[in-house]
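All remarks here apply to the structure that follows.
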Amino acid sequence: MRLQAAAAPLCSRCELAAALGLANPWRSGGGWPPGRARRAATAAASGSGGAADGAAAPGGGLPGAEVAVTRHALPAYAADEEEREALGKAEEVIRTLTGRGFKALIAGGWVRDKFLGRRASDIDIATNAHPAQLKAVFRHVIELPRSTVKVAHKGEVLELSTFRGISRAPSLFSVASDARRRDFTINAIYYDPLAGSVLDFVGGVDDARRRVLRLTPPDGAGRLREDPLRALRAVRIVTVCGLRLAPETAAALREHAHLCSVAHGQPPRRIWLELRKLHRAEADGSAPGAWPRALKLAFHLGLLPHLFPWLAGTGHEQAVRVAEALAASWRAPGGGGVPPLPLLVAATLHPAHPDPARAHEQLAAYFQDPADLAAIDTLARGAALAHARGRTGEEGEEAWARFYAAQHAPACLRILAAWMPGAFADGFMQLHQARMAALAPRIARHRQLLAAEQESLPAAEVAGLQAPPGEAVQQRRLRQREELAAAIAALVGEAGAEAGAEAAVLHDDSGGAADEGQARPSEQG
């Protein structure tokens, strides 16, 4: 019954040949009649196929059809204990599936990173088994969208995906069909740990060795239409792994960049998760400078205004410049590390935006987590304070003390400085270093208050300070988000000629504290 079901997707011989880029196996003058060919394909579906390097392997029993596959040895690599343990458990899962008559291989990023000489990411497995069949084999299975499951095996969580394409037989033909449905050639490389060999159907190994990112043929543009988020994924892979785009891939990305947007139906959360992977590579040091490089590449591909709609029509180059300035600041001694992702995204919304209210509304759509909102609230408060002209003396000092006490205040100050012309950024930071030193006792008291709010401690236990009620906190956050659009618009002045006057206003607001300058505290981004 399983073999009959596996053969069902092979009913259209023309579709089958076209999908794999093969000649019609039932061409005139050769081959078998369709009915007999289908029966032959069914009978051979359990075969694994195989061929020597550069040779052609039988296409799962299809007469006249050939599946070109190149075999390679897995490059030598140094694995730590964690990776060796994960690989061992992945092999156990593959061995279990093979014993049940299924085909299973390690696919995607883990194999790719071995050929790129990078520390491997999580191990993913591709198989012809469907989620329902995987649930019958393993006890702890969580089903995800797109025929993908998470399997917990001896403490290791592995991702298993069903082969894409037109065949689900446990054959080499099915693996080739899956390969041609993957996004990029370097992600369409498979490793068989039981045989100890790498299988390549689309030239992914050669592209990895030449450090080229190429959309998977024969229909690379179709891969982008199928999932437009692959454009952002291309930017991330190129900048994190240090690759270059194949010319035809770069052209396709430019042509389809407009599809990678919320306006064309992409969920903000999916975009956010892809950006988070990019941010993680920057923050953990595995790809220093990846964030500004990614924004620059997205700008040249025409992707940036679609990815961040508040940049549509304006601010593209400015967003790249601010990202580069921020990267220079966090790499400097005492720079405090990489800011949180919400702040890096918010930093692209420059004060000179012509419609700040609409831009802020678009920006807010990307934020779901309360911690993300808290970081943006801190930036909003800092922008409002920096532009306020009437809050001086005791009131102004208390407001700044509350701002400095926030978790992400140092990172927000670096963003405010990056928004300014270079000549005034240094003076802005020196001003606030001195102010923070002068207000240190007040900042400490406000940090106590924040800790009390987070831990839900009675107000009496925090030096007599009374924490605002939850509803008031929510109202304050809403008000600050509404103020952000108006507040940052004039942070550096309405024109470049007014920058000096603005800096003077900011200096006057310091209450003379600039003469007592000391180093500001750093922040772990």
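The values are calculated or read from the model by the stated rules, or taken from the named source; none is laboratory data. Keep in mind that this is a model prediction, so the values were computed, not measured. All Cβ positions, even for glycine, are placed from backbone atoms using ideal geometry, and neighbour counts span all protein chains on display. For accessibility, only protein heavy atoms count, side chains too; no ligands or nucleic acids. Shrake-Rupley method; radii C 1.70, N 1.55, O 1.52, S 1.80 Å.
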Rounded to the nearest 10 Å², the 1.4 Å probe accessible area of ILE443 is 10
GLU317 and ARG211 label points (each 7 Å along its Cα→Cβ direction) are spaced in nm at 2.8
Most to least packed among 278-289, 147-158, 403-414, 185-196 [average Cβ atoms within 10 Å]: 403-414, 185-196, 278-289, 147-158
Between beta-carbons, use under 10 Å as the cut-off and find the net charge around LYS154, counting Lys and Arg +1, Asp and Glu -1. -2
Please compute the Kirkwood hydrodynamic radius of the stretch 161-255 from all pairs of different C-alpha atoms, in Å with one decimal. 13.8
Could you check the simple spin-label distance between ARG269 and ALA73, using points 7 Å along Cα→Cβ, in nm with one decimal? 4.6
For ALA251 and GLU81 in one chain, what is 0.36 nm times their gap in residues minus the Cα-Cα distance, to one decimal in nm? 57.0 nm
Measuring from centroid to centroid over Cα atoms, what is the spacing of the stretch 192-269 and the stretch 85-159 in Å? 22
What is the sum of charges around SER286, taking Lys and Arg as +1, Asp and Glu as -1, for the other residues whose C-beta is under 13 Å from the C-beta of SER286? +2
Straight distance only, please: which lysines reach the Cα of LYS103 with their own Cα at less than 24 Å, same-chain residues fewer than 8 apart left out? LYS89, LYS114, LYS135, LYS150, LYS154
I'd like to check one number: the per residue accessible area of the stretch 409-453, probe 1.4 Å, reported in Å² as a whole number. 36
Could you check the simple spin-label distance between LYS150 and GLN448, using points 7 Å along Cα→Cβ, in nm with one decimal? 4.1
Using a 1.4 angstrom probe on heavy atoms only, work out the carbon and sulfur share of the accessible area of the stretch 206-339 in %. 55
